1. Find the helices (runs of 4 or more DSSP H) located wholly in segment 78-192 whose residues include 1 or more that are surrounded by fewer than 16 Cβ atoms within 10 Å (Cβ to Cβ), and list them.
2. THR49 passes all but one of (1) on the phi < 0 side of the Ramachandran plot; (2) not in a strand (DSSP E or B); (3) not aromatic (Phe, Trp, Tyr); which number fails?
3. For residues that are in contact with a Leu (Cβ under 7 Å, 6 or more places away or on another chain), over 22 Å from VAL7 (Cα atoms) and in contact (Cβ under 8 Å) with a residue 40 or more places away in the chain, tally how many sit in segment 162-208.
4. Find the residue count for segment 25-40, including only residues that are surrounded by 15 or more Cβ atoms within 10 Å (Cβ to Cβ) and either assigned to a helix (DSSP H, G or I) or of a type in the set (Gly, Ala, Ser) (or both).
5. Residue pairs, Cβ under 7 Å, 6 or more apart or interchain, first in segment 79-108 and in contact (Cβ under 8 Å) with a residue 24 or more places away in the chain and under 14 Å from THR61 (Cβ atoms), second among the hydroxyl-bearing types (Ser, Thr, Tyr) and assigned to a helix (DSSP H, G or I). List them.
6. Restricting to segment 134-155, what's the tally of residues that are without any contact (Cβ under 8 Å) to a residue 60 or more places away in the chain and either among the hydroxyl-bearing types (Ser, Thr, Tyr) or within 18 Å of VAL7 (Cα to Cα) (or both)?
7. For segment 166-179, check the following and say yes or no: at least one residue is farther than 24 Å from MET65 by Cα, β-branched (Val, Ile, Thr) and in contact with a Phe, Trp or Tyr (Cβ under 7 Å, 6 or more places away or on another chain).
8. From the list VAL103, VAL107, which one is β-branched (Val, Ile, Thr), at pLDDT 95 or above and within 13 Å of the chain's Cα centre (by Cα)?
Amino acid sequence: MERVLVVGATGHTGKRVIEILNSSNTFEPYAMIRKEDQRQMFEDMDVETILADLENNVTETAQGMDKIIFAAGSGGKTGEDKTIAIDQDGAIKMIDAAKQAKVKKFVMLSAMGADNPSSNKDLKVYLEAKQKADEHLKSSGLTYTILRPGALTDDLGLAKVKLAEKLNESGEISRDDVAFLLVMSLADPLVKNKTIEALEGKESIKNAIIDMSK
């Protein structure tokens, strides 16, 4: 069993990632939590927790982990300071911790538009933060996958997606399907050192990921 640290485990997408990992025979999830009172939720699922805050020191969090999924985000209701602290600086700190711990793969939940933040004035700061984190990961020497989904919805996942390094279109995708894409990306031969954009589509997640790995 490979140990997988899920950063942002208490978020909507992160919780789904934990559930998928927890039902697999391949991965053992560890939920990174920020507050003590978040521990019970994961203990009820028999999932180990690691108490740490992305705004503080996270050096020890990656020790003993095989892989990491970074699904943390400051959320839409916080200011620019929090966005930079979590989505940019927090991610960079986590990448550095992963490198120090010799983690085998780092899967990053980014956002569509992170390659061109100025294209969306409303989300410019957020997309710039994601871009800087993505670039840091690419240059870290770690094996990585960067997933850039379109607008996230809480709809039931259909397990059908459209993937490309650049889709040149906008759209939506369910958090369910994004969580499955993140977990699928953990597999060693798949989507190695790739940046992928994702929307809901017509191809099964498994086939789409395998196609992107060729």
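The values are calculated or read from the model by the stated rules, or taken from the named source; none is laboratory data. Because the structure is a prediction, the values reported are computed rather than measured. Neighbour counts are summed over all protein chains in view; Cβ atoms, including those assigned to glycine, are modelled from backbone coordinates with ideal geometry.
1. In segment 78-192, the matching helices (runs of 4 or more DSSP H) lie at 80-83, 91-100, 124-138.
2. (2)
3. Total meeting the criteria: 6.
4. Residues meeting the conditions: 3.
5. Pairs that qualify, where the first residue is in contact (Cβ under 8 Å) with a residue 24 or more places away in the chain and under 14 Å from THR61 (Cβ atoms) and the partner is among the hydroxyl-bearing types (Ser, Thr, Tyr) and assigned to a helix (DSSP H, G or I), are ALA97/THR59; ALA97/THR61; GLN100/THR59.
6. Number of matching residues: 13.
7. Checked against the condition, which is being farther than 24 Å from MET65 by Cα, β-branched (Val, Ile, Thr) and in contact with a Phe, Trp or Tyr (Cβ under 7 Å, 6 or more places away or on another chain), segment 166-179 yields no hits at all.
8. VAL107
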